[in-house]
């Protein structure tokens, strides 16, 4: 039997007029009320599955310093496009920029379109943005963001374990003074990587010396400029650095090269992501390879499964990285 607005009204406890306004995405309905109405409508089958014909890939931007000007995310997008094409779904690229005053209104229209499912690139999301996720009523999955809220599906790289492995590798290479190139914008993946760094050091009985933690910008140019300032102060450098990502590692390496710091003879460096130009840097960068296209494909497969099977349980998927050994790490005897 077809679900009607009266049934939704009875379950949610709001008037049929409010139900109608919420279902038609009209203004004047409290956001939490609208989310509750849409959630119940979706669970009852008010919206036909056949109406979902496309996937929106939504890039969330807080300041753009991590997701802009990097080849990481276009590679992930390739995997999403391939999986959508294989599944007969159209794909649309969208952006939600928190610097835009109308962002919240845009989000309401964008994320509650019943003809679309959503893959949200949440790299730049912070805990205060969780309410935005709670208001999404169409099937969705988040890439590269997770927190203690268990109500949504997410997929991310295994950041903490990966960095801990990299620290173990440096220790096996004879390094004891291991520093951390810390991205200034503390996105969730960076926080997890810092935990891996600290855990790896403590597990080996090595002190985490704060003087060896250098906070830098998250773009290559910003990391380069910040590293230059540290070097101008003639600070003592560790024998090795673990960087939050390749962009930071490569920017810092460029600055060190200009100041006569030889890599890896004087300082070893490990990055994270394995961007295409990391293999041709000087020296080639040892790093942790994130399977970017596969993450995109897995996210899309999970989303389509949610649409077809109406699965309600949230799933958190961690994808393992691959350690790529190149020329930026020296063995200390």
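Considering only residues in region 38-94 that are part of a helix (DSSP H, G or I) and more than 18 Å from residue 303 (Cβ to Cβ), the one that is farthest from the chain's Cα centre (by Cα) turns out to be 44. Inspection of region 139-148 finds no residue satisfying the criterion of being buried (at least 21 other Cβ atoms within 10 Å of the Cβ) and part of a helix (DSSP H, G or I). For region 146-153, the count of residues that are on the phi < 0 side of the Ramachandran plot and free of Cβ contacts under 8 Å to residues at least 12 places away in the same chain is nonzero.
Does residue 185 satisfy the criteria of being over 21 Å from residue 331 (Cβ atoms) and out of contact with any strand residue (DSSP E or B) (no Cβ under 8 Å at 6 or more places or on another chain)? Yes, satisfied. Selection within region 232-242: residues that are surrounded by fewer than 18 Cβ atoms within 10 Å (Cβ to Cβ) and either out of contact with any strand residue (DSSP E or B) (no Cβ under 9 Å at 6 or more places or on another chain) or in contact (Cβ under 8 Å) with a residue 60 or more places away in the chain (or both). The member of this set that is nearest to residue 212 (Cα to Cα) is 236. Per the conditions (1) in a loop (DSSP other than H, G, I, E, B); (2) not assigned by TED's automatic domain parsing to the domain that holds residue 199, the sole criterion not satisfied by residue 308 is (1). Checking each residue in region 270-306 for being surrounded by 18 or more Cβ atoms within 10 Å (Cβ to Cβ), farther than 18 Å from residue 72 by Cβ and in contact with a helix residue (DSSP H, G or I) (Cβ under 8 Å, 6 or more places away or on another chain) picks out only 304. Of the residues making up region 177-200, one or more are surrounded by fewer than 19 Cβ atoms within 10 Å (Cβ to Cβ) and within 22 Å of residue 264 (Cβ to Cβ).
The values are calculated or read from the model by the stated rules, or taken from the named source; none is laboratory data. Predicted, not measured: the structure shown is a model, and the values here were computed from it. Quick reminder, even Gly has a Cβ in these numbers, built from the backbone with ideal geometry, and neighbours come from all protein chains shown.
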